[in-house]
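Enquirer: The structure that follows is given in the form of structure tokens.
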Amino acid sequence: MALSAHDAFSGAGGGRRRRYGRSRRSALSEINVTPLVDVMLVLLIIFMISAPLLTAGVPLELPRTEAGAIQETEGPLAISIRADGAVFVQDRQTPFEALGPALAAAATDNPERAVFVRADGRVPYADVARVMAALSVRGFTRVNLITDTGGPAAGPAPEAAPQPNPDGVSSP
């Protein structure tokens, strides 16, 4: 049996170099983060697509006003009235005759719960008034009418206050 000078088990200098030097097949100590980044980007896209779908509601054309947005911590009870007069409690269509029991069922968990009434701008005032009366009869006191922001102000724009002259006398 013959031994080569390049054999790892021989006592030649080649074996000594591999023993003390860095071998070609050493353990890789770096973490490959590419799969992790891929998974995180996929999850980001999934959440970006699904987040707008979580805000369920009845599509309406709300009237525009100057009022600001309401900041609410507890989820309110939403009542929507479409242009054709259909009434929805949350997302379930409810005939007006069954609106009272539906509101009573919603009031059992928290009678002080805020109620948001969303009515299409083309709904007759009488329909909105009937829903508001049903809410009042059931004991709801925190009722809010929801509108879009950025509409015209109610009444004329406020006039600027008269500026005083440098000598302290105000001009008319």
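Enquirer: Run the 1.4 Å probe and let me know the accessible area of T34, rounded to the nearest 10 Å².
Expert: The accessible area of T34 comes to roughly 80 Å².
Enquirer: Across segment 128-135, in residue order, what do the Karplus-derived ³J(HN,Hα) couplings come to in whole Hz, using 6.51 cos²θ - 1.76 cosθ + 1.60 with θ = phi - 60° and x for Gly and Pro?
Expert: Those phi angles translate into 5, 5, 5, 5, 5, 5, 5, 5 Hz.
Enquirer: Compute the distance in nm between two label points, each set 7 Å from the Cα along the Cα-to-Cβ direction, one at V143 and one at V33.
Expert: 5.6
Enquirer: Give, as a single signed number, the net charge of other residues whose beta carbon lies under 12 Å from the beta carbon of E61, with Lys and Arg counted +1 and Asp and Glu -1.
Expert: +2
Enquirer: Now a separate question. Compute the FRET efficiency between R64 and A133 as 1/(1 + (r/R0)^6), taking r as their Cβ-Cβ distance and R0 = 25 Å, and round to the nearest 0.05.
Expert: 0.50
The values are calculated or read from the model by the stated rules, or taken from the named source; none is laboratory data. Given the structure is predicted, the values throughout are model-derived calculations rather than measurements. Don't worry about glycine lacking a Cβ; one is built from the backbone with ideal geometry, like all the others, and counts go over all protein chains shown. We work out accessible area using only protein heavy atoms, side chains counted, and drop any ligands, DNA or RNA first. Shrake-Rupley method; radii C 1.70, N 1.55, O 1.52, S 1.80 Å.
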